[in-house]
Amino acid sequence: MHEVGLMENALAIALDYAARDQAHRIHKICLRVGALSGVEPEALRFAFDIVTQNTIAEAAQLEIEPCPTRCYCAACQTEFEPVDGGYECPTCRIWSAAILQGKELELASLEVS
């Protein structure tokens with residue numbers, strides 16, 4: 001389960017930000033997770049419970065903000081959300097390889113005190 005390693009990295013970033021702010025407790029961590037990131041949100045939640053033990057984030061809430069996939073069609077200059085796993089532009093029916101959003105896995109926000 002690679003989510004444990006990903007959550008260890010996200011927690012390290014959160015702990016670094018908390019230390020910079022001289023915080024003593026992390027209350028909430030919000031992660032933005034793209035539909036194409038290859039990350040299972042439930043596995044991420046499970047990993048969060050494991051990696052936050054004995055840290056200042058132990059009682060923190062994990063919020064996962066899903067990021068839908070967004071594509072761009074160069075032919076008609078349209079942004080669109082693909083349907084049914086295909087990247088066909090709904091306007092001109094040309095297939096697009098330009099993915100603008102959906103691969104994210106990022107720390108979106110952090111609540112500390």
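The values are calculated or read from the model by the stated rules, or taken from the named source; none is laboratory data. It should be emphasised that the depicted structure is a prediction, and the values quoted were computed from it without experimental measurement. Glycine gets a Cβ as well: all are built from the backbone with ideal geometry, and neighbour counts include every protein chain shown.
Structure values in brief
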| quantity | calculated |
| --- | --- |
| Residue count for the stretch 60-84, restricted to those that are free of Cβ contacts under 8 Å to residues at least 24 places away in the same chain, assigned to a loop (DSSP other than H, G, I, E, B) and either touching a Gly at 6+ places or on another chain (Cβ under 8 Å) or surrounded by fewer than 18 Cβ atoms within 10 Å (Cβ to Cβ) (or both) | 6 |
| Filter result for residue 13 (β-branched (Val, Ile, Thr) and within 17 Å of residue 109 (Cα to Cα)) | yes |
| Scan of the stretch 15-35 for residues that are of a type in the set (A, V, I, L, M) and more than 10 Å from the chain's Cα centre (by Cα), ordered by number | 15, 18, 19, 23, 26, 29 |
| Test: residue in the stretch 37-57 that is modelled with pLDDT of 95 or more and part of a strand (DSSP E or B) | no |
| Residues of the stretch 7-27 that turn out to be charged (D, E, K, R), in a helix (DSSP H, G or I) and surrounded by 12 or more Cβ atoms within 10 Å (Cβ to Cβ), as a count | 1 |
| Lone unmet requirement of (1) touching a strand residue (DSSP E or B) at 6+ places or on another chain (Cβ under 6 Å); (2) over 29 Å from residue 113 (Cα atoms); (3) not small (Gly, Ala, Ser) for residue 69 | (1) |
| Pairs with Cβ under 6 Å, 6+ apart, first in the stretch 29-44 and closer than 10 Å to residue 64 by Cβ, second acidic (Asp, Glu) and part of a helix (DSSP H, G or I) | 44/3 |
| Residue satisfying all of: in the stretch 87-102; of a type in the set (Gly, Ala, Ser) and either at pLDDT 95 or above or part of a loop (DSSP other than H, G, I, E, B) (or both); surrounded by the fewest Cβ atoms within 10 Å (Cβ to Cβ) among these | 97 |
| Residue check for residue 30: crowded, with 17+ Cβ neighbours inside 10 Å and part of a strand (DSSP E or B) | no |
| Test result for residue 105, surrounded by 13 or more Cβ atoms within 10 Å (Cβ to Cβ) and touching a Ser or Thr at 6+ places or on another chain (Cβ under 8 Å) | yes |
